[in-house]
Amino acid sequence: MREAPTADQIIRCVLADAPVRVVAALTTATAREAATRHGAGAAAAVALGRGLTAGLLLATLTKDDEQVTLQVLGDGPLGGISVDASGAGTARAYVKHPRAGRITAGGARQSLADAVGRSGVVSVIRDVGLRENFSGTTHIRSGEIDEDVERYLTDSEQIESALSCEAIVGADGAVAGAAGILVQALPGSAGAIELADARRLFAQGALARAIEIGQAASADDLVAAVFGGRLGSSACSNAGRCASSVPARANAPTRRWRCWA
């Protein structure tokens with residue numbers, strides 16, 4: 001594996017030839033620090049990486065400085081993952097049992113189902129600065145975090161979506177790479193073919209391979225490596241370069257990072 005990029009980053013893209021939008025995030029530094037502060041084993045490190053990335057992608061869906069709380073509360077040994085993220089690019093995460101669980105190999109990518117569990121709930125709370133927050137809940141189906149958050153978006157928020165979030169742990173136990181891509185149908189459009197193509201590529205492990213072989217030097221590179229123009233030409237805007245800062249509480253097992261234009 002090539003050296004991971006040093007700066008976390010989020011970009012937003014609109015595809016010129018397709019009725020979908022794409023948001024891509026590189027989150028390696030954030031996921032690595034969260035895992036380090038937890039003293040996380042491999043399963044918890046991957047869960048933190050997927051959860052943080054999913055939370056940050058969820059927080060990009062409005063133009064305002066939205067605050068999102070994502071909880072994946074499964075019946076597996078990890079005991080649940082909680083993430084707070086904002087549209088400004090800050091994030092923190094917590095896993096209840098950071099040394100528990102195991103990763104299962106054998107598919108197109110490593111599986112978290114045995115660690116997270118296949119029963120439980122996905123809960124999302126959105127604070128967009130109004131008097132009341134929006135909240136929704138769906139049941140865990142796969143235990144892979146990103147697949148269950150995708151189902152939440154489709155079933156609870158009723159936005160047809162394809163989501164893939166991945167974290168790769170190296171031989172030294174540290175997070176070597178983390179990233180995610182969210183594809184959504186634009187309002188008033190179907191985008192069924194494009195979403196089906198994105199889901200197929202994600203299921204085949206395209207995102208995990210891009211991270212493993214070092215094709216994700218930037219979020220733009222990540223989109224190109226995963227889709228290779230198969231969804232049409234894209235026009236992407238950089239949501240900002242990201243720098244990390246440690247939370248004020250020294251014992252907080254979290255990482256915050258902020259993007260600026």
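The values are calculated or read from the model by the stated rules, or taken from the named source; none is laboratory data. Only a predicted model underlies this, so the values are computations on that prediction, with no experimental measurement involved. Positions of Cβ are backbone-derived with ideal geometry, glycine not excepted, and every protein chain shown enters the neighbour counts.
Structure values in brief
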quantity: Close pairs from the stretch 214-241: first modelled with pLDDT under 80, partner among the basic types (Lys, Arg) and not in a loop (DSSP other than H, G, I, E, B), Cβ under 9 Å, at least 6 apart; calculated: 215/209; 236/12; 237/12; 238/12; 239/12; 240/258
quantity: Count - residues of the stretch 77-119 that are closer than 18 Å to residue 52 by Cα, free of Cβ contacts under 8 Å to residues at least 40 places away in the same chain and among the hydrophobic types (A, V, I, L, M, F, W, C); calculated: 4
quantity: Answer residue from the stretch 183-196, given it is under 15 Å from residue 157 (Cβ atoms) and among the aliphatic types (A, V, I, L, M) and is modelled with the lowest pLDDT among those; calculated: 186
quantity: When residues of the stretch 133-143 are limited to those that are β-branched (Val, Ile, Thr) and touching a helix residue (DSSP H, G or I) at 6+ places or on another chain (Cβ under 6 Å), the one surrounded by the most Cβ atoms within 10 Å (Cβ to Cβ); calculated: 140
quantity: Unique match (being surrounded by fewer than 22 Cβ atoms within 10 Å (Cβ to Cβ) and either modelled with pLDDT of 95 or more or in a loop (DSSP other than H, G, I, E, B) (or both)) among 180, 173; calculated: 173
quantity: Counted residues, the stretch 115-132 - those being assigned to a loop (DSSP other than H, G, I, E, B) and either touching a helix residue (DSSP H, G or I) at 6+ places or on another chain (Cβ under 9 Å) or surrounded by 19 or more Cβ atoms within 10 Å (Cβ to Cβ) (or both); calculated: 1
